[in-house]
Every structure is written in C-alpha cells, then in structure tokens.
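Peer 1: Structure below; questions to follow.
Laboratory data are not the source of any read-out in this text; all were calculated from the coordinates shown. Owing to the predicted nature of the structure, the values given are computational and were not obtained by experimental measurement. Here the Cβ positions follow ideal geometry from the backbone for every residue, glycine too, while neighbour counts run over all protein chains shown.
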DNA sequence: GTTGAGCGTT
C-alpha cells in the first residue's frame with residue numbers, strides 16, 4: 001500500500017520515514033519528496049508497505065503523531081494511473 | 001541558518 005505522509009519537518013529524510021514505519025510492518029520503499037530544483041525538503045513523502053493491513057494500522061498509529069516537534073499527517077496515498085496488472 | 005499547502009524525480 002502506498003502511504004502519503006505530509007506535514008513533515010524539513011530535516012526529515014526518507015530513512016526517517018522508513019525507521020518510523022518499519023516497526024509496524026515491512027517497508028517496501030520509502031521516499032521523501034524534496035525540491036527538485038533547490039534540493040531542499042518540501043516536507044512530505046511517500047511510504048510503501050508490503051502488508052496493507054499493517055499499513056492501515058501504521059497510518060492510524062502515526063497520523064497526527066509528533067515527529068521532530070511537529071504533528072505529521074499520515075494517510076493513504078492516491079493511486080497513480082498505472083496500466084500494469086489492473087483490469088477495468 | 002529562510003518556509004508550511006500539498007500527492008512523488010523512477
């Protein structure tokens with residue numbers, strides 16, 4: 001499941017998200033979106049977990065939780081248009 | 001040494 005994490009501190013990195021979601025389940029991939037031009041952090045990122053149940057549980061546990069002094073917002077990420085193994 | 005609504009560079 002793809003998880004959208006926002007309201008992050010500017011010093012948070014992708015490894016921070018991985019360390020935050022790892023105890024809840026297996027983190028397949030974690031990435032914090034930084035500014036592509038300036039390279040500075042944008043304050044939000046995405047976390048992908050193998051177990052969707054653990055992901056939902058992690059969302060409920062980590063949403064509005066205090067991280068680096070700021071309450072982060074965790075929710076399910078939107079689905080990007082993918083034409084892989086999906087059937088209409 | 002800066003800032004603060006949002007859904008990503010593959």
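Peer 1: How far apart, in nm, are the 7 Å Cα→Cβ label points at residue A:53 and residue A:77?
Peer 2: Reported label-point gap for residue A:53 and residue A:77 is 2.3 nm.
Peer 1: Related question: At R0 = 22 Å, how high is the FRET efficiency between residue A:64 and residue A:31 if r is their beta carbon distance? Nearest 0.05 is fine. List each step's numbers first, then the result.
Peer 2: Numbers: r = 22 Å, r/R0 = 0.98.
Once the sixth-power term is evaluated, E becomes 0.55.
Peer 1: Next question. Given the rule -39500 (n - 2.57) for each run of at least 4 DSSP H residues, summed and divided by the residues of chain A, what is its mean residue ellipticity at 222 nm, to the nearest 500 deg cm²/dmol? Walk me through the intermediate numbers first.
Peer 2: Working: 2 runs with 19 residues, N = 88.
Mean residue ellipticity at 222 nm (helix-derived): -6000 deg cm²/dmol.
Peer 1: Under the rule a/c < 1.5 gives rounded, and otherwise a/b versus b/c splits prolate from oblate, where does chain A land using the Cα gyration tensor?
Peer 2: Working: a/c = 2.01, a/b = 1.26, b/c = 1.60.
Here chain A falls in the oblate category.
Peer 1: Here's a follow-up. Angle, helix A:52-62 long axis vs. longest principal axis of chain A, Cα atoms, 0 to 90°, nearest 10?
Peer 2: The helix A:52-62 is inclined about 20 degrees to chain A.
Peer 1: In percent, how large is the relative contact order of chain A, given Cα pairs closer than 8 Å and 6 or more residues apart? Let's see the in-between values first.
Peer 2: Details: 164 pairs, mean separation 32.7, N = 88.
It comes to 37 percent, rounded to a whole number.
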